[in-house]
1. Taking residue 203 as the residue in question, decide whether it is over 30 Å from residue 125 (Cα atoms), in a helix (DSSP H, G or I), of a type in the set (Asp, Glu) and open to solvent by 20 Å² or more (accessible area, probe 1.4 Å).
2. How many residues are within 18 Å of residue 112 (Cβ to Cβ) and open to solvent by less than 60 Å² (accessible area, probe 1.4 Å) if we restrict to region 144-159?
3. Filtering region 441-463 down to residues that are in a loop (DSSP other than H, G, I, E, B) and over 15 Å from residue 498 (Cα atoms), which residue is least open to solvent (accessible area, probe 1.4 Å)?
4. Taking the residues in region 340-358 that are in a helix (DSSP H, G or I) and touching a Gly at 6+ places or on another chain (Cβ under 9 Å) as candidates, determine which candidate is surrounded by the most Cβ atoms within 10 Å (Cβ to Cβ).
5. Please go through (1) touching a Lys or Arg at 6+ places or on another chain (Cβ under 7 Å); (2) touching a residue at least 40 places away in the same chain (Cβ under 8 Å); (3) among the hydrophobic types (A, V, I, L, M, F, W, C) for residue 420 and return the number of the only condition it doesn't satisfy.
6. Using beta carbons and a limit of 7 Å, which pairs, at least six apart or on different chains, have the first residue in region 489-507 and open to solvent by 100 Å² or more (accessible area, probe 1.4 Å) and the second one part of a strand (DSSP E or B)?
7. Kindly state which helices (runs of 4 or more DSSP H) lie completely within region 225-339 and contain at least 3 residues that are touching a residue at least 12 places away in the same chain (Cβ under 8 Å), among the small types (Gly, Ala, Ser) and open to solvent by less than 30 Å² (accessible area, probe 1.4 Å).
Amino acid sequence: MSADEPIRIEPTAPPLSRARGEAATPASLPWRERLRQMPRRVAVLVAATGLAVAIAFVFLVLPSHVSTPDAPTTGTSPGLTPAGTPASRETVAPYRSLELERASAKAREKLGEFVEAQLLLEEEMNVALWGAEEMATVRDRANEADRLFLEERYEESLTEYEGAVADILALVERGNEVFEEALAEGTEALARRDQTAAEAAFERALAIRANDPRALSGQARTASLPALAAHLLEAQRAELKGDHARAIAMLRKARAVDPTVPGLDERIARAAAAKAKDDYEAVVSAGFAALDAGDFEAAHAVFDRILADSPDDATALAGRQQTQQAQTRARIDALHATARQHEDAEAWRDALSTYDDALAIDGALEFARQGRERVRRRIEHTSAMQRLLNDPALLSSKREFAAAQELLDAAAEDGDAGAAFERSVADFRELLAQAAEPIPLVLLSDNATDVVILRVAALGAFERHELALRPGRYTIVGSRDGCRDVRKEIRLEAGMGPVDIRCRERI
């Protein structure tokens, strides 16, 4: 066929848009899940990305529906076709044919977008509850686009499909607005504790978005309204009777049911203040009674409790001042004795805590300052030695080994730390002696892999290499041009067999 020879377009039936009540058949498109809350202008832009699919459809699919006409028959004119014959059966110039093919493909793509939005509205957003009339109008427009497509008026059909898609996306946006309105109504009903109105509003919202967390939360709060009202009523009765403790309990129960109710914290604070005022005289009397009886601990606790709420309370300040000196001296003496007991038992952390308690009372206490420094140093030495005793492989590092030597010297100088501490020092000394003795290590390779022992040496390529290293953990890396590097972590110990390190996997 020459470039100027007309071709004939054979019509194909389109996948017509879903009529009211018919089952949906198109596969889900990627943008469907985001369609529910997407603003209209953004949804349209996302849908427009489908044009790339349309272009592929034009060049890969539709050509299969375009047939080359048979040789002209004598007496047949290439002009008008008989009445009733679709326009695409007429002879069409090649360029015009391509335009029609593109319009047909774009119309099909827009139809797919329309059906996806239709599925969302009817099956997931229950459009019949809030937009049945608008949906019918949009569907009519899609049906008109179908009619034009069947008549092979593809350009007009594309215009109608595009309009139908824009209209149905606007309807999705309207559904989102209806949802937000229902959510707002439910929230307002909750605020005035109108359970019936709140239930109805949140049911409407959940009919549109079944899994929306805000609507589900509102529905749950609505279900708790009876219990909330009962607790608030009981709290009000208790306040009127002056039973502030019960009022606080009921208000806290109400807050546990629904912490979003405004003003609950303020009411609890007011009830607590009233209760504190009622109890004040009884508490002060108990404090001075304890002071008169020589029970300094009880008196101090009473006055401190008052001052925790009212730091400037003159009565409590006077009571605390009268008991503080005797109480402090007795406390310091007891802490000193306890700290020495912990040191004798080599309970270093308990001793440290006890000295800290004494220094919290008076930071200038010399026995507490010296004792704290002494036990802190022993804790550090014990912890550092135990770390290496638990993992001797760390001593393969030169830095670690040097630091361990310094640690041993420092720990050995503390000769009055107790039997357990001395045993730890002895074990640590033996460990360092063992770690100082090198152990032979045999490496096997292929004479083509460059071998490096990290933080030790670069050994190059070899078939067998022997060296002596301190026991511990080492990382061996092999590299070779054209192969993937290999890396091995080993723990060098006495009697260890040869280690094979070579690159085998080609890149």
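The values are calculated or read from the model by the stated rules, or taken from the named source; none is laboratory data. In this text the structure is predicted, and so the values were computed from the model without any measurement. Please note: Cβ atoms are built from the backbone with ideal geometry, for glycine as well, and neighbour counts cover all protein chains shown. Accessible surface areas use protein heavy atoms only, side chains included; no ligands, DNA or RNA. Shrake-Rupley method; radii C 1.70, N 1.55, O 1.52, S 1.80 Å.
1. Criteria not met by residue 203.
2. Within region 144-159, residues that are within 18 Å of residue 112 (Cβ to Cβ) and open to solvent by less than 60 Å² (accessible area, probe 1.4 Å) number 7.
3. 449
4. 355
5. So the condition that residue 420 fails would be (1).
6. Partner pairs satisfying both residue conditions: 489/473; 489/475; 491/473; 504/483; 505/483; 506/483; 507/483.
7. In region 225-339, the matching helices (runs of 4 or more DSSP H) lie at 264-292.
One line per residue, one yes/no per condition, for (1) open to solvent by less than 20 Å² (accessible area, probe 1.4 Å); (2) over 43 Å from the mean Cα position of the chain (by Cα); (3) modelled with pLDDT under 85:
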{"residue": "360", "(1), (2), (3)": "no, no, no"}
{"residue": "371", "(1), (2), (3)": "yes, yes, no"}
{"residue": "382", "(1), (2), (3)": "no, no, no"}
{"residue": "389", "(1), (2), (3)": "no, no, no"}
{"residue": "393", "(1), (2), (3)": "yes, no, yes"}
{"residue": "407", "(1), (2), (3)": "no, yes, no"}
{"residue": "433", "(1), (2), (3)": "no, yes, yes"}
{"residue": "436", "(1), (2), (3)": "no, yes, yes"}
{"residue": "439", "(1), (2), (3)": "no, yes, no"}
